[in-house]
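Below you'll find the structure, written out as structure tokens, and then a few comments.
The values are calculated or read from the model by the stated rules, or taken from the named source; none is laboratory data. Keep in mind that this is a model prediction, so the values were computed, not measured. Here the Cβ positions follow ideal geometry from the backbone for every residue, glycine too, while neighbour counts run over all protein chains shown.
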């Protein structure tokens, strides 16, 4: 299996970009519906700058990222780490994908089967979340 094919399995592109609050709702949905224990941290960059004319302070949101750990409650010992990918849309940072760690040089068979099942379960939960969101 090529590195591009493995990247497709380890990357879950979101059907639409999510702001931070929505991304946290998605993580809660995944935790509830897999079910899984998820711990994560959020890094949000904000820039504060002085405005000469008003002598006030303005702020501008910068990049955001989420990094975490997911443990499948239905399968003992099944866990993996994930991180987010983000981009800017109308000057607002939004999350565009959930990614699991890839190991350079590994073939798909080198990844633990339970990790591959977590990737699939998260992908299924993401699809379900967005289909329910459209209703």
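Give the residue, chosen from 77, 68, that is loosely packed, with under 10 Cβ neighbours inside 10 Å, in contact with a helix residue (DSSP H, G or I) (Cβ under 8 Å, 6 or more places away or on another chain) and closer than 26 Å to residue 118 by Cβ. Before you say what the answer is, go through the steps one by one.
Details: 68 fails: loosely packed, with under 10 Cβ neighbours inside 10 Å.
Residue meeting the stated conditions: 77.
Taking residue 7 and the conditions (1) touching a helix residue (DSSP H, G or I) at 6+ places or on another chain (Cβ under 9 Å); (2) at pLDDT 90 or above, which numbered condition does it fall short on, given that it satisfies the others?
Condition not satisfied by residue 7: (1).
Does region 100-113 contain at least one residue that is assigned to a strand (DSSP E or B), within 16 Å of the chain's Cα centre (by Cα), buried (at least 16 other Cβ atoms within 10 Å of the Cβ) and at pLDDT 95 or above? Give the steps one after another, and end with the answer.
Filtering region 100-113 down to residues assigned to a strand (DSSP E or B) leaves 100.
Okay, now just the ones that are also within 16 Å of the chain's Cα centre (by Cα), so 100.
Now narrow it down to the ones that are buried (at least 16 other Cβ atoms within 10 Å of the Cβ): 100.
Going one step further and asking which of them are at pLDDT 95 or above, we end up with 100.
Yes.
Check region 84-91 and report whether any residue there is within 20 Å of residue 10 (Cβ to Cβ), surrounded by 14 or more Cβ atoms within 10 Å (Cβ to Cβ), at pLDDT below 95 and out of contact with any strand residue (DSSP E or B) (no Cβ under 7 Å at 6 or more places or on another chain).
no
Each row is one residue, and each column tells you yes or no for (1) at pLDDT below 95; (2) out of contact with any strand residue (DSSP E or B) (no Cβ under 9 Å at 6 or more places or on another chain); (3) surrounded by 14 or more Cβ atoms within 10 Å (Cβ to Cβ).
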{"residue": "31", "(1), (2), (3)": "no, no, yes"}
{"residue": "48", "(1), (2), (3)": "yes, no, no"}
{"residue": "52", "(1), (2), (3)": "yes, yes, no"}
{"residue": "62", "(1), (2), (3)": "yes, no, no"}
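Does residue 18 satisfy the condition of being more than 15 Å from residue 119 (Cβ to Cβ) and either in contact with a strand residue (DSSP E or B) (Cβ under 9 Å, 6 or more places away or on another chain) or at pLDDT 90 or above (or both)? Steps first, answer last, please.
Values: more than 15 Å from residue 119 (Cβ to Cβ): yes; either in contact with a strand residue (DSSP E or B) (Cβ under 9 Å, 6 or more places away or on another chain) or at pLDDT 90 or above (or both): yes.
Yes, satisfied.
Out of region 4-15, which residues are loosely packed, with under 14 Cβ neighbours inside 10 Å and under 17 Å from residue 115 (Cα atoms)?
Across region 4-15, the qualifying residues are 5, 7, 8.
Grab the strands (runs of 3 or more DSSP E) fully contained in region 1-92, keeping just those with 3 or more residues being touching a residue at least 60 places away in the same chain (Cβ under 8 Å) and over 12 Å from the mean Cα position of the chain (by Cα). Talk me through it step by step, then tell me what you get.
On the way: elements: 11-18, 36-50, 57-72, 79-89.
Fully inside region 1-92 and qualifying: nothing.
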